[in-house]
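The values are calculated or read from the model by the stated rules, or taken from the named source; none is laboratory data. None of the values given here were measured: they were computed from a predicted structure. With ideal geometry, Cβ positions are generated from the backbone for all residues, glycine too; neighbour counts draw on all protein chains shown. Quick note on the areas: whole protein, heavy atoms, side chains included, nothing else; ligands and nucleic acids left out. Shrake-Rupley method; radii C 1.70, N 1.55, O 1.52, S 1.80 Å.
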Amino acid sequence: MSADPSIAQVRRFNRTVTQRVGALSDRYLWRDRTLGASRVLWEIGSEGCEVRSLRARLELDSGQMSRLLRALERDGLIDLSPSPADRRIRVARLTPAGLAERALLDERSDELATSMLAPLDARHRSELVAAMRTVERLMTASMVELRAVDPGGADARRCLRAYFAELNRRSDIPFDPAKGTSAEPHELRPPAGAFIVAYLRDEPIGCGALKHHRSEPSEIKRMWVAESARGLGIGRRLLAALEQVARDARAPAVRLDTNKTLIEAISMYRSAGYQEIPRFNSEPFAHHWFEKPLC
């Protein structure tokens, strides 16, 4: 048993939750299947889902996923077929019986949730729901993984498209990366720089880049977090990771520019120790310039 009280609390919490939600039973929600199989059925949804997306979303290995899908197929609840767009990709779809079973699972899940709340008075119900909301947010944050990737790769390009689209949506002037200070892939690959992507369930949800300058501060570029993932501390983690890359390269400081409409980012930079400085580049889209010493 760990001597760390926080570890002991997490373990107690896990034991309580798994028992209360019925995860230990092989008849989850009073049906003849486990929680895992029921969750796969629910995640497939009414529109169907690619098997590879299911695996990523539920973090299951291919063998376990195959066993669960075969069982659901054997019970007549799903059909597996090649994707019309790419026959190498398998898609799982609910049969009419599967749709009916999913509807029943929703009904039983509501009943289970009601049974958790019913014994509590109004104050304790509100406290429990608020605590669950906090736990969900923080556990989601703990699942986010940062990876250094090729800045010319598919995930990097996907993040940059979303980043540029948001800049254009929020700004009163169009953003043209070709007119500003350069951050081309060859400038962001080691040892010239770095490109880091944040992943949640293997989906890219944020990015940040670093561009080194010999004997000068390294420059942070392309900081972005998907709107759906904000509030999880991802921006701060990306910023800290890029700062560490700069330290490892013996940069004396890091600096960046940003647009006035990105008020959340500006607040984050200031709270992370960045000080506003005079303009240090000719970026036409920027209104603020910041620097943070690393020594």
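Please work out if residue 94 is under 26 Å from residue 200 (Cβ atoms), touching a residue at least 12 places away in the same chain (Cβ under 8 Å), touching a Leu at 6+ places or on another chain (Cβ under 8 Å) and open to solvent by less than 50 Å² (accessible area, probe 1.4 Å).
yes
Just to verify a result, which residue in the range 130-181, among those that are under 15 Å from the mean Cα position of the chain (by Cα) and part of a loop (DSSP other than H, G, I, E, B), is surrounded by the most Cβ atoms within 10 Å (Cβ to Cβ)?
144
Name the residues in the range 254-288 that are surrounded by fewer than 18 Cβ atoms within 10 Å (Cβ to Cβ) and part of a strand (DSSP E or B), would you?
275, 276
Can you say whether residue 25 is more than 17 Å from residue 136 (Cα to Cα), within 24 Å of the chain's Cα centre (by Cα) and surrounded by fewer than 16 Cβ atoms within 10 Å (Cβ to Cβ), as far as the supplied structure shows?
no
Kindly establish whether residue 44 is under 21 Å from the mean Cα position of the chain (by Cα) and either within 27 Å of residue 144 (Cβ to Cβ) or touching a residue at least 24 places away in the same chain (Cβ under 8 Å) (or both).
yes
Could you check the range 1-42 and list, in sequence order, the residues that are more than 17 Å from residue 111 (Cβ to Cβ), assigned to a loop (DSSP other than H, G, I, E, B) and aliphatic (A, V, I, L, M)?
1, 3, 24 - these are the residues of the range 1-42 that are more than 17 Å from residue 111 (Cβ to Cβ), assigned to a loop (DSSP other than H, G, I, E, B) and aliphatic (A, V, I, L, M).
Given the options 101, 111, name the one that is open to solvent by 50 Å² or more (accessible area, probe 1.4 Å), in a helix (DSSP H, G or I) and within 21 Å of residue 31 (Cβ to Cβ).
Result of the check over 101, 111: 111.
In the range 220-240, how many residues are among the aliphatic types (A, V, I, L, M), open to solvent by less than 30 Å² (accessible area, probe 1.4 Å) and assigned to a helix (DSSP H, G or I)?
Final tally of qualifying residues: 4.
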